[in-house]
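Quick notes on the structure that follows.
Taken together, the values in this text are just the output of simple stated rules run on the coordinates, not laboratory data. These numbers come from a predicted model, not from an experiment. FYI the Cβ positions are ideal-geometry reconstructions off the backbone, even for glycines, and counts take in every protein chain you see.
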Amino acid sequence: MEKLLIIGANGFLGRKLLYRFHDKFDVYGADLITTGIPEVYHPSYIDISKKNVVNDLINIIKPNLTILTAAMTNVDACEDFSEKAKKINSDGPLFVAQALKDIGGRLIHISTDFIFDGEQGDYTEKDIPKPISVYGKTKLEGENNILKQKIPVVICRTSVLFGWPEADQRHNFFSWAYENLSKKKELKIISGQITTPTLVNDLVEFLYQISGFTRSEIYHTCGTEAISRYNFILKLIRTFNFDQNLLKEIDFLPQKAKRPNNSSLNTAKIQQIGNWKFKNINKSFQYLKSQNKNSK
Ligand SMILES: NC(=O)c1ccc[n+]([C@@H]2O[C@H](COP(=O)([O-])OP(=O)(O)OC[C@H]3O[C@@H](n4cnc5c(N)ncnc54)[C@H](OP(=O)(O)O)[C@@H]3O)[C@@H](O)[C@H]2O)c1
């Protein structure tokens, strides 16, 4: 059986990946904090910003495939701590790719729609990235650092991941809104910021399907529907029968980092791989509604 190393295994996407791949791989989970990684997945400490730590772990495990989800994902904190963001989002992927080159391992790297400036929207894999935030810039550097190593890599750019987090995990946009609406708290949601939100479970399934790929590709792996933050919450309210009066539309939100106006991604390329389709928002919400809130 091949070995799979998931780096960032304690995070939102990483934890979901752990539970999906065990029939195909011997799964290893690594993160800065390993408390949420079950023993069966060989929890290991890793700090991707430290070259020697990355080298040591990859040389001990010798994974056939590595999925790199670890990143500094707080977009506003990246503005305040830009050196740290560079070390994690830019240098980290470089160190992982260099270590994998030495042992001949392949990589799936998770990137973001925030590498685009958001002036155009519906971005294809051929469009030229132009980040407007430290997060976007450092994530783009991470992609480029990996590509320079010429290892087999699939770069998957995704957008606003949503779904049920586990009890000990941070909220995502969906679960944060769901929680507040359940408590009948008013939500002020910005009318703009169009993205292609992605049901985390769909991304996990896509990654499972491409886990055998040995060729290098860049894919836009996200939901099929471009939608504003406000309309996303409106659909959530309608699906889960919350009180629509709790939703207030605002046109400005003070945020440290600039956000793209429309960073929606075009998914035509991934739709050519088999019969694959990410769900639209309504179908995603129906899926989440039918799932147990605490299910994995
Ligand atoms: N979530 C989204 O909406 C979204 C959208 C587009 C792209 N993405 C990309 O998708 C990937 C997964 O996102 P996610 O939502 O699962 O993120 P997440 O929940 O923040 O998970 C990332 C994990 O990486 C860990 N980490 C941070 N710095 C590290 C380091 N130096 N070494 C090792 N691990 C480190 C984090 O630990 P701490 O929590 O302790 O920092 C966390 O457990 C990321 O690469 C992100 O850029 C996410």
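For Leu246 and Ala77, what does the FRET efficiency come to when R0 = 35 Å and r is the distance between their Cβ atoms, rounded to the nearest 0.05?
Values: r = 28 Å, r/R0 = 0.81.
Efficiency computed from Cβ-Cβ geometry: 0.80.
Before anything else, pin down the relative contact order of the chain: Cα pairs under 8 Å, at least 6 apart, normalised by residue count, whole percent.
Details: 616 pairs, mean separation 54.8, N = 296.
Relative contact order for the chain comes out at 18 percent.
Please enumerate, by chain and number, the aspartates and glutamates with C-alpha under 16 Å from the C-alpha of Lys184, excluding those fewer than 8 residues away in the same chain.
Hits, sequence-local ones excluded: Asp243.
Mind checking which lysines have their Cα closer than 18 Å to the Cα of Lys279? Skip sequence neighbours fewer than 8 apart in that chain.
Answer for Lys279, where 18 Å is the Cα cut-off: Lys16, Lys235, Lys269, Lys289, listed by chain and number.
On the principal axes of its Cα set, how long, how wide and how thick is the chain? Give whole Å, largest value first.
57, 39, 38
Residue separation times 0.36 nm, minus the C-alpha to C-alpha distance between Val40 and Ser191: what's the value?
On the way: separation 151, 0.36 × 151 = 54.36 nm, distance 4.42 nm.
Net length gain for the segment: 49.9 nm.
Please report Thr214, Thr73, Thr112, Thr124 as a ranked list, fewest other C-beta atoms within 10 angstrom at the top and most at the bottom.
Values: Thr214 8, Thr73 20, Thr112 27, Thr124 12.
Neighbour counts put them in this order, fewest first: Thr214, Thr124, Thr73, Thr112.
Relative to the first principal axis of the alpha-carbon coordinates of the chain, what is the inclination of helix 229-240, with its axis defined by its Cα atoms, in degrees from 0 to 90 and to the nearest 10?
80
Tell me, what does the Kirkwood hydrodynamic radius of region 87-143 come to in angstroms if you use every pair of distinct C-alpha atoms? Intermediate values should be presented prior to the final figure.
Values: mean 1/r = 0.0813 Å⁻¹.
In region 87-143 this quantity evaluates to 12.3 Å.
Of Asp31, Asp26, Asp76, how do they rank once you tally other Cβ atoms within 10 Å and put the fewest first? Could you put the intermediate results ahead of the total?
On the way: Asp31 24, Asp26 16, Asp76 13.
Neighbour counts put them in this order, fewest first: Asp76, Asp26, Asp31.
For region 127-276, give the magnitude of the charge dipole about the Cα centre (Cβ charges: +1 Lys/Arg, -1 Asp/Glu; no others), in debye to the nearest 20.
Computed charge dipole of region 127-276: roughly 460 debye.
Calculate one ³J(HN,Hα) per residue across region 31-40 by plugging θ = phi - 60° into the Karplus curve 6.51 cos²θ - 1.76 cosθ + 1.60, and present them in order as whole Hz with x for glycine and proline.
6, 4, 10, 10, 4, x, 9, x, 3, 4
Can you tell me the 0 to 90 degree angle between the C-alpha axis of helix 200-209 and the longest principal axis of the chain, rounded to 10?
Around 30 degrees separate the two axes.
Tell me, what are the semi-axes, in whole angstrom and largest first, of the equivalent ellipsoid of region 194-255 as set by the roots of 5 times the Cα gyration tensor eigenvalues?
Values: eigenvalues 212, 46, 12 Å².
Equivalent-ellipsoid dimensions as semi-axes: 33, 15, 8 Å.
Between helix 173-182 and the chain, what is the angle of the helix's C-alpha long axis to the longest principal axis, kept within 0 to 90° and rounded to the nearest 10?
It is inclined by approximately 40 degrees.
Please name whichever of Ser290, Asn261, Leu247 sits farthest to the positive end of the charge dipole of region 225-296, dipole taken about the Cα centre and charges placed at Cβ: Lys and Arg +1, Asp and Glu -1.
Farthest along the dipole direction, towards plus: Ser290.
Give a quick list of trypsin sites (Lys or Arg not before Pro) in region 158-198 that DSSP marks as loop, anything other than H, G, I, E or B, with at most 10 other Cβ atoms within 10 Å.
Details: sites: Arg170, Lys183, Lys184, Lys185, Lys188; in loops: Arg170, Lys183, Lys184, Lys185.
Within region 158-198, the qualifying trypsin sites (Lys or Arg not before Pro) (loop, at most 10 other Cβ atoms within 10 Å) are Lys183, Lys184, Lys185.
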